[in-house]
């Protein structure tokens with residue numbers, strides 16, 4: 001009797017396995033998407049079935065119509081349709097359907113797949129898919145059964161991309177590098193990148209507050225050089241492109257002729273530049289290649305030229321350790337404005353907000369208040385000479401710092417103005433050294449030339465500082481250029497006060513009043529000058 005029962009069970013199991021699932025209750029196949037058709041494998045020929053979608057991109061909550069269609073007379077009896085994350089290959093989103101030949105299944109993830117309801121011949125089926133929060137690129141995948149012995153697996157739609165980058169699935173479905181930690185990539189203060197494996201390459205998402213470019217690099221160390229780089233850059237027309245490049249030392253990256261970035265989705269909203277794309281080749285560094293590579297990840301951004309070519313990056317985030325891009329984890333970052341750029345900006349601010357400004361004021365307006373001789377020369381002259389020499393030295397040091405770091409001086413108006421300021425500043429004390437005697441008939445030529453050149457230098461230096469602060473300030477309200485504007489207005493106000501005082505109090509009887517106003521105005525100006533300077537230096541330090 002026991003043997004007879006065992007035989008019946010085996011026959012029943014065989015019948016169930018062989019007959020398949022004509023009612024579409026194929027939940028056991030949800031993970032593998034393979035039919036339980038014993039002894040039969042999937043077809044290797046081109047599938048006569050295709051999957052089409054109503055749109056190629058989505059935001060969370062969007063509904064996309066998905067259709068499986070047979071070509072010619074190739075009807076089908078069964079199918080299993082899912083939306084799978086590119087790279088992760090897990091089911092994502094939910095389906096609804098009103099098609100009488102279709103039903104929702106895969107109970108462990110409610111309504112995450114669609115299958116046939118019966119074994120009737122079908123030429124097409126339609127379902128609606130709702131995009132979840134935090135989804136990345138998605139591809140609809142189906143197994144389509146023509147008959148018990150004939151079926152195709154891996155029937156796929158085009159890849160559809162998420163319009164909005166999200167940090168929701170960081171650590172669970174993708175690797176993420178964020179600065180600040182755990183920030184929202186749609187915030188203007190957030191630098192963000194993520195990766196998930198996709199074949200031989202990766203799905204990458206990058207985001208930063210910049211009108212120019214944001215880029216990611218992969219390196220064996222924390223110094224740039226011999227690195228694979230992907231650049232998301234924006235030109236003056238607002239067009240965004242993704243380029244693959246190779247970085248050698250500190251020079252501009254070399255763009256690779258065979259761009260391997262595909263399925264690109266990009267946006268520029270509220271000052272935030274974002275790109276999502278799929279790399280189609282593995283990361284390759286000159287120094288080595290391994291089967292399980294780990295890298296330091298660089299995330300940088302900065303300005304770009306009108307044609308989209310990149311300038312020197314102004315912000316850098318580096319993973320705190322080497323990371324496996326295939327892992328679903330998060331990484332802290334060594335972050336901030338490039339230290340060289342920080343130092344360059346600080347020196348230029350000190351030179352042209354403080355030492356240069358005070359030196360100019362001493363020469364033009366403090367001759368009465370600081371007429372006492374020291375070492376054979378009036379105090380105002382000694383102060384003017386020392387401060388302007390210091391200004392020139394600071395300018396030269398700042399120029400050399402950023403030039404050595406950048407490798408060239410290309411990159412728009414800011415470096416061009418900076419170079420002009422440095423050249424004019426360098427020659428200003430040289431010309432002063434050869435100035436004519438005060439009693440010489442040609443002395444007025446020097447006086448006018450010296451004053452005009454100083455004015456030109458001052459104007460160009462202020463313009464360069466404004467442009468520089470615009471580049472390094474990633475805050476949503478651009479407060480640093482506004483502070484610089486406040487300082488400029490403050491300085492103009494005191495120039496007007498001191499110029500008026502100098503012209504009105506020309507008589508000998510008014511000298512005491514003139515000196516009193518000079519000293520008072522100068523002390524107030526100096527206090528305000530230092531307050532503005534400290535605010536901007538703190539801003540640069542926190543960038």
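On the given criteria, is residue 150 crowded, with 21+ Cβ neighbours inside 10 Å and assigned by TED's automatic domain parsing to the domain that holds residue 112?
Taking the combined requirement at face value, the residue does not satisfy it.
Is it the case that some residue within segment 372-385 is touching a helix residue (DSSP H, G or I) at 6+ places or on another chain (Cβ under 7 Å) and in contact (Cβ under 8 Å) with a residue 40 or more places away in the chain?
no
Out of all the residues in segment 74-98, which are assigned to a loop (DSSP other than H, G, I, E, B), at pLDDT 90 or above and surrounded by fewer than 17 Cβ atoms within 10 Å (Cβ to Cβ)?
74, 75, 98
Hey, any hits in segment 373-383 for a residue that's modelled with pLDDT under 90, outside the structural domain of residue 196 (by TED's automatic domain parsing) and at positive phi?
yes
What single numbered condition from (1) surrounded by fewer than 21 Cβ atoms within 10 Å (Cβ to Cβ); (2) at pLDDT 90 or above fails to hold for residue 211?
So residue 211 meets the others, but not (2).
Yes or no: segment 39-50 includes at least one residue that is in a strand (DSSP E or B) and under 43 Å from the mean Cα position of the chain (by Cα).
yes
Kindly establish whether residue 460 is at pLDDT 85 or above and crowded, with 18+ Cβ neighbours inside 10 Å.
Spelling it out, residue 460 is indeed at pLDDT 85 or above and crowded, with 18+ Cβ neighbours inside 10 Å.
Give the residue, chosen from 469, 460, 498, that is over 18 Å from residue 362 (Cα atoms), touching a residue at least 60 places away in the same chain (Cβ under 8 Å) and touching a helix residue (DSSP H, G or I) at 6+ places or on another chain (Cβ under 6 Å).
Unique residue meeting the criteria: 469.
Restricting the first residue to segment 48-59 and requiring it to be over 16 Å from residue 85 (Cα atoms), which pairs with a second residue that is outside any strand (DSSP E or B) and modelled with pLDDT under 90 meet a Cβ separation below 8 Å and a spacing of at least six or different chains?
Once the first residue is over 16 Å from residue 85 (Cα atoms) and sits in segment 48-59, its partners that are outside any strand (DSSP E or B) and modelled with pLDDT under 90 give 48/72.
The values are calculated or read from the model by the stated rules, or taken from the named source; none is laboratory data. Everything numeric here is computed off the predicted structure, so don't read it as measured data. As a convention, Cβ positions derive from the backbone with ideal geometry for all residues, glycine included, and neighbour counts pool all protein chains shown.
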